[in-house]
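Notes follow the structure.
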Amino acid sequence: MNFKRSITLLSCLFSFVLFAQIEEVKLDKLVQETLTTFDVPGISVGILKDGEIVYAKGHGVRSLTNKKDMNENTLVGVASNSKGFTCFALAMLIDEGKLHWDDKVRKYIPEFQLYDSWATEHFTVRDLVTHRSGLGLGTGDLMFFPEGSDFTIQDIIDNQKHIKPQSKFRTDFRYNNNMFIIAGEVLKRVSGLTWEEFIETKIMKPVGMVNSKASYNRVTDRSNIIDAHTRTEGKVIQIPHDWSETANAAGGIMSNVPDMLTWAKFLMNDAVTLGGERLLSKAQFHELWQLQTPLKVRPGDWYGSNFRGYGLGWFVTDVKGGHKQVYHTGGLLGTVTQFTMIPDLDLAIVVLTNQMNGSAFNTITNTIKDAYLGYEDRGWLKNYGERNARYIQYNDSIKVAVYNQIDKMKTSNALPKPSQIVGTYTDAWFGDVTISHDGSVYTIKSKRSSTLYGELLPYNATTYVAKWNNRSYDADVFVKFTFDKDGKAQSATMEYIAPITDFSFDFGDLELIKTN
């Protein structure tokens with residue numbers, strides 16, 4: 001054996017033994033410090049190594065309301081980590097000869113239509129699940145986000161023809177949930193089962209994910225489930241669960257650490273269950289983790305990565321010396337999660353949280369990953385903690401400046417009169433947004449998304465701010481009016497006030513035309 005290689009192998013072995021036998025205490029401490037640093041009420045963490053669970057614990061509380069402990073069995077919405085299940089399910093249908101990745105979507109959904117006619121005719125099932133549609137980041141998400149709208153899956157399908165693309169079809173990566181929702185409808189029409197039924201009976205049950213459900217509403221035992229939390233007005237608060245059932249194929253699954261590690265073990269065992277049943281052919285399983293849409297590797301990448309991109313429901317990259325990493329993250333209002341596998345090390349890491357702060361799961365995942373890859377302590381907690389504090393300070397400063405300007409403008413004589421802006425504004429896919437005035441206060445309200453309503457406040461002579469009544473959204477936006485020669489508003493667009501706004505609040509994609 002090459003001497004240098006033998007030293008490397010011994011070093012890796014020592015790193016694993018050290019972690020498994022000693023570092024549990026340090027990991028406990030890291031998670032506790034992560035809770036405090038990022039103001040997260042609860043986090044559960046799991047590690048699978050060489051087919052065995054070497055760590056599975058919860059820390060903190062599952063809810064600020066009931067103060068019950070978070071543990072490894074606490075159910076959490078894994079959000080977009082559901083996308084890997086959707087693609088696995090489609091691949092199963094391909095094995096059955098009922099579907100092909102490069103089938104045209106219109107073969108199964110004849111009414112499917114995009115803004116661009118050429119893209120409509122050439123759009124494939126593969127295109128649905130690889131974020132290369134040309135539609136913008138999160139475009140169309142307001143049809144299911146936040147919960148409380150009356151849009152159906154059929155509405156989401158029908159409205160695609162009104163949504164303008166932001167890039168050319170198949171030219172770049174732009175994350176889009178609507179396409180995964182439509183992929184779930186393809187699954188339903190081909191299999192005869194709802195997406196939820198298929199995921200639970202064809203995947204979760206044989207894999208052994210005994211506590212998981214395909215959606216929040218299918219969880220019957222809620223004795224050990226998180227509440228969602230978010231930072232708003234400078235304080236972390238508990239908020240209601242928020243996820244529309246129409247979007248389950250994009251992010252609906254509820255799971256916990258043991259079940260997600262069972263999923264990881266199954267995947268890293270070449271899609272063979274504990275009972276020896278192969279659920280997917282080797283060819284189709286191999287296809288899932290192949291790059292479909294490339295992404296740039298950042299200069300000075302922390303893990304020396306040479307490539308990065310999106311496969312079929314998974315991000316794929318290489319880390320330190322060519323280890324292939326397959327991973328995804330997920331986010332709901334009040335919850336973020338991370339799922340990471342390095343198959344050639346037989347390593348999986350699961351981090352589930354009940355607060356919207358990705359720096360928390362990155363801190364934990366990267367620290368664990370570094371231990372197995374042989375890196376020295378790189379101070380992820382300190383680095384992410386400082387970065388997070390600066391980011392929050394930056395966003396808060398923007399909001400303070402905007403609302404200071406609003407206070408100055410409230411008595412300005414330069415403001416338009418109510419008769420100039422009051423009325424109904426209609427977007428082709430989102431529907432009506434009404435602006436009313438009761439003699440002293442302006443109100444803005446979406447007709448189809450019932451929770452999106454609030455006060456409209458003056459910012460300057462042509463721009464107002466929509467301050468949503470639900471402050472947990474942290475999604476206030478500028479509303480910019482255009483006026484005709486007589487000073488009457490003709491249209492309006494929206495723009496985030498602060499970059500911390502979740503991209504699924506895609507107000508910037510609306511083109512509101514005044515209709516009365």
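What number of residues in the stretch 269-327 are of a type in the set (D, E, K, R), modelled with pLDDT of 95 or more and over 21 Å from Ala89 (Cβ atoms)? Outline the logic, then answer.
Residues of the stretch 269-327 of a type in the set (D, E, K, R): 270, 277-278, 282, 287, 296, 298, 301, 308, 318, 320, 324.
Add one more test, that the residue is modelled with pLDDT of 95 or more, and what stays is 270, 277-278, 282, 287, 296, 308, 318, 320, 324.
Among the residues that remain, those that are also over 21 Å from Ala89 (Cβ atoms) are: 296, 308, 318, 320, 324.
The number of residues fulfilling the criteria is 5.
Entry remark, the stretch 475-490: residues being surrounded by 15 or more Cβ atoms within 10 Å (Cβ to Cβ) and assigned to a strand (DSSP E or B) number 7 in total.
Looking at Leu456, Leu452, can you tell me which residue is of a type outside the set (Ser, Thr, Tyr), touching a strand residue (DSSP E or B) at 6+ places or on another chain (Cβ under 9 Å), closer than 14 Å to Ile421 by Cβ and assigned by TED's automatic domain parsing to the domain that holds Lys408?
After applying the criteria, what remains is Leu456.
Against the definition (in a helix (DSSP H, G or I), more than 20 Å from Ile226 (Cβ to Cβ) and either in contact with a Leu (Cβ under 6 Å, 6 or more places away or on another chain) or not hydrophobic (A, V, I, L, M, F, W, C) (or both)), how does Thr34 come out, yes or no? Answer is no for this residue. Could we say that Asp370 is of a type in the set (D, E, K, R) and at positive phi here? It is false that Asp370 is of a type in the set (D, E, K, R) and at positive phi.
Scan the stretch 338-360 for residues that are assigned to a strand (DSSP E or B) and of a type in the set (Ser, Thr, Tyr) and the total you get is 2. Look at Arg170 and say whether it is touching a Lys or Arg at 6+ places or on another chain (Cβ under 7 Å), surrounded by fewer than 21 Cβ atoms within 10 Å (Cβ to Cβ), in the same structural domain as Phe285 (by TED's automatic domain parsing) and over 27 Å from Ala475 (Cβ atoms). Answer is yes for this residue. Scanning the stretch 291-337 for residues that are touching a Phe, Trp or Tyr at 6+ places or on another chain (Cβ under 8 Å), in a loop (DSSP other than H, G, I, E, B) and not charged (D, E, K, R) returns Leu291, Gln292, Val297, Gly311, Leu312, Gly313, Trp314, Leu333.
Inspection of the stretch 85-108 identifies no residue that is free of Cβ contacts under 8 Å to residues at least 12 places away in the same chain and among the polar types (S, T, N, Q). Quick one: Gly134 ticks every box in (1) in contact (Cβ under 8 Å) with a residue 40 or more places away in the chain; (2) within 30 Å of Thr337 (Cα to Cα); (3) out of contact with any Pro (no Cβ under 6 Å at 6 or more places or on another chain) bar one, so which box is it? It fails just one condition, (3).
Does Asp474 satisfy the criteria of being of a type in the set (Asp, Glu), in contact (Cβ under 8 Å) with a residue 60 or more places away in the chain and within 19 Å of Met356 (Cα to Cα)? If you could, list the steps in order and put the result at the bottom.
On the way: of a type in the set (Asp, Glu): yes; in contact (Cβ under 8 Å) with a residue 60 or more places away in the chain: yes; within 19 Å of Met356 (Cα to Cα): yes.
Considered against the rule, which asks whether it is of a type in the set (Asp, Glu), in contact (Cβ under 8 Å) with a residue 60 or more places away in the chain and within 19 Å of Met356 (Cα to Cα), Asp474 comes out as yes.
Of all residues in the stretch 183-225, those being assigned to a helix (DSSP H, G or I) and not β-branched (Val, Ile, Thr) number 19.
Is the stretch 244-262 home to any residue that is modelled with pLDDT of 95 or more, assigned to a loop (DSSP other than H, G, I, E, B) and more than 30 Å from Phe112 (Cβ to Cβ)? Yes, there is a match, as at least one residue in the stretch 244-262 is modelled with pLDDT of 95 or more, assigned to a loop (DSSP other than H, G, I, E, B) and more than 30 Å from Phe112 (Cβ to Cβ).
Please verify whether the stretch 75-88 includes one or more residues that are at pLDDT 95 or above, assigned to a loop (DSSP other than H, G, I, E, B), closer than 28 Å to Trp289 by Cα and under 22 Å from the mean Cα position of the chain (by Cα). There is at least one residue in the stretch 75-88 that is at pLDDT 95 or above, assigned to a loop (DSSP other than H, G, I, E, B), closer than 28 Å to Trp289 by Cα and under 22 Å from the mean Cα position of the chain (by Cα). Counting only residues that are in contact with a Pro (Cβ under 9 Å, 6 or more places away or on another chain), among the small types (Gly, Ala, Ser) and touching a residue at least 60 places away in the same chain (Cβ under 8 Å), how many does the stretch 420-457 have? The number of residues fulfilling the criteria is 1.
Among the residues examined, Arg170 does not qualify as touching a strand residue (DSSP E or B) at 6+ places or on another chain (Cβ under 7 Å) and of a type in the set (Lys, Arg). Filtered by the rule that a residue be in a strand (DSSP E or B) and within 16 Å of the chain's Cα centre (by Cα), the stretch 226-243 gives Ala228, His229, Thr230. Restricting attention to the stretch 110-124, the residues that are surrounded by fewer than 17 Cβ atoms within 10 Å (Cβ to Cβ) and either farther than 28 Å from His328 by Cα or touching a residue at least 60 places away in the same chain (Cβ under 8 Å) (or both) total 6.
Within the option set Asp259, Asp242, being closer than 17 Å to Arg62 by Cα, out of contact with any helix residue (DSSP H, G or I) (no Cβ under 7 Å at 6 or more places or on another chain) and either in the same structural domain as Ile43 (by TED's automatic domain parsing) or among the acidic types (Asp, Glu) (or both) holds for one residue only, Asp242.
Among the residues of the stretch 407-423, the one identified as of a type in the set (Val, Ile, Thr) and surrounded by fewer than 16 Cβ atoms within 10 Å (Cβ to Cβ) is Thr411.
Please state which one of Leu142, Leu187, Leu128, Leu135 is surrounded by 22 or more Cβ atoms within 10 Å (Cβ to Cβ), outside the structural domain of Trp468 (by TED's automatic domain parsing) and under 25 Å from Asp259 (Cβ atoms).
On the way: Leu142 fails: under 25 Å from Asp259 (Cβ atoms); Leu128 fails: under 25 Å from Asp259 (Cβ atoms); Leu135 fails: under 25 Å from Asp259 (Cβ atoms).
One residue alone meets the criteria, Leu187.
The values are calculated or read from the model by the stated rules, or taken from the named source; none is laboratory data. Not measured: the values here are computed from a predicted model. Don't worry about glycine lacking a Cβ; one is built from the backbone with ideal geometry, like all the others, and counts go over all protein chains shown.
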